[in-house]
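The values are calculated or read from the model by the stated rules, or taken from the named source; none is laboratory data. Given the structure is predicted, the values throughout are model-derived calculations rather than measurements. Neighbour counts run over all protein chains shown; Cβ positions are idealised from the backbone, glycine included. SASA here: full protein model, heavy atoms, side chains in, ligands and nucleic acids out. Shrake-Rupley method; radii C 1.70, N 1.55, O 1.52, S 1.80 Å.
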Amino acid sequence: AFALAFCSTKDTKQVIKLYKEALDEKPEESDWLFGLCLAMEKELRVPGQNDDKDIRDLEKNLRHVVKIDSTHYQAKIILAKRLVMKEAYEEADHFIKSALPDNEDDFELSATKLEMLGALFERGCMSKLYKNHLEKAIEKYSGALSINSSSEKAIHGYSRCILQRFLNARGKGKDNDDLNDSRKRMEKMKNSSFVPHLLTLARIYSEIALLENDESKFHQSEELYERIIKKFINKKDKVYQLCEGYWHYSVFLQKHGRKKKDEVLLRK
């Protein structure tokens with residue numbers, strides 16, 4: 001089950017089945033139960049699989065993990081995310097705070113913990129709990145990068161947050177130093193096959209091209225969008241990624257006033 005958990009989503013049902021069989025023998029094994037939770041959450045990300053009963057079962061299992069092991073910060077953070085998603089903000093805040101140390105100076109030096117907290121604070125719905133949720137996310141991702149400067153999760157999360165903060169502050173006199181810093185970090189992953197990495201870098205190039213009137217950044221962004229579309233154009237099981245690439249490319253062309261090229265792209 002552990003090995004299959006790192007495979008594609010088509011193996012998720014088998015992972016869930018194996019974990020459940022193992023837990024029939026040892027129902028209080030927290031690592032196995034948390035593995036089941038990860039597989040269940042992965043299954044819920046598949047379009048059309050967002051079943052209410054499965055969501056309730058996942059929440060129940062996460063609570064059980066925390067009950068067995070009160071120090072299990074991963075379960076607390078994922079449970080907090082699920083609670084925020086159903087607008088149970090007060091209880092979500094309780095689990096977020098219990099995943100944090102009483103004294104920030106004693107913060108456990110774990111890049112994974114900081115990355116998970118960064119991803120949680122980054123979510124738009126977290127603004128209902130913390131007005132400065134984006135700054136909190138940047139702080140956590142920065143902490144993760146101070147421990148592991150090559151972490152792709154932390155680099156990508158940090159860069160997404162910086163890009164969003166830049167977009168939020170448009171027209172308010174904020175300079176582009178942080179955006180250029182994110183560009184340099186993301187360029188380490190410009191040959192990545194992971195679409196979100198490419199989309200984030202393409203959007204950063206696009207904003208810098210507009211800000212600095214830099215045609216070279218426009219072409220770099222355009223190349224990334226075209227690479228995404230070329231990668232998925234003939235893959236029937238990757239329609240979502242293809243549509244996402246087309247949509248972002250279309251928005252990009254409209255921003256840069258390439259109306260005729262956008263019309264050709266939309267006809268495709």
Limited to region 197-239, what total is found for residues that are of a type outside the set (Lys, Arg), without any contact (Cβ under 8 Å) to a residue 40 or more places away in the chain, out of contact with any Leu (no Cβ under 7 Å at 6 or more places or on another chain) and open to solvent by 30 Å² or more (accessible area, probe 1.4 Å)?
13
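With modelled with pLDDT of 95 or more, open to solvent by less than 90 Å² (accessible area, probe 1.4 Å) and under 21 Å from the mean Cα position of the chain (by Cα) as the only criterion, which of Glu41, Glu59 stands out? Even if it seems obvious, please write down each step before you answer.
Details: Glu41 fails: modelled with pLDDT of 95 or more.
Exactly one residue qualifies, and that residue is Glu59.
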Please tell me if Val46 is open to solvent by less than 70 Å² (accessible area, probe 1.4 Å) and under 18 Å from Lys81 (Cβ atoms).
yes
Please enumerate the residues belonging to region 108-138 that are assigned to a helix (DSSP H, G or I) and surrounded by fewer than 18 Cβ atoms within 10 Å (Cβ to Cβ).
Thr112, Gly124, Cys125, Ser127, Lys128, Glu135
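For Asp237, indicate whether it is touching a Ser or Thr at 6+ places or on another chain (Cβ under 6 Å) and at pLDDT below 85. Quick ask: steps written out before the conclusion?
On the way: touching a Ser or Thr at 6+ places or on another chain (Cβ under 6 Å): no; at pLDDT below 85: yes.
For Asp237, the condition - touching a Ser or Thr at 6+ places or on another chain (Cβ under 6 Å) and at pLDDT below 85 - is not met.
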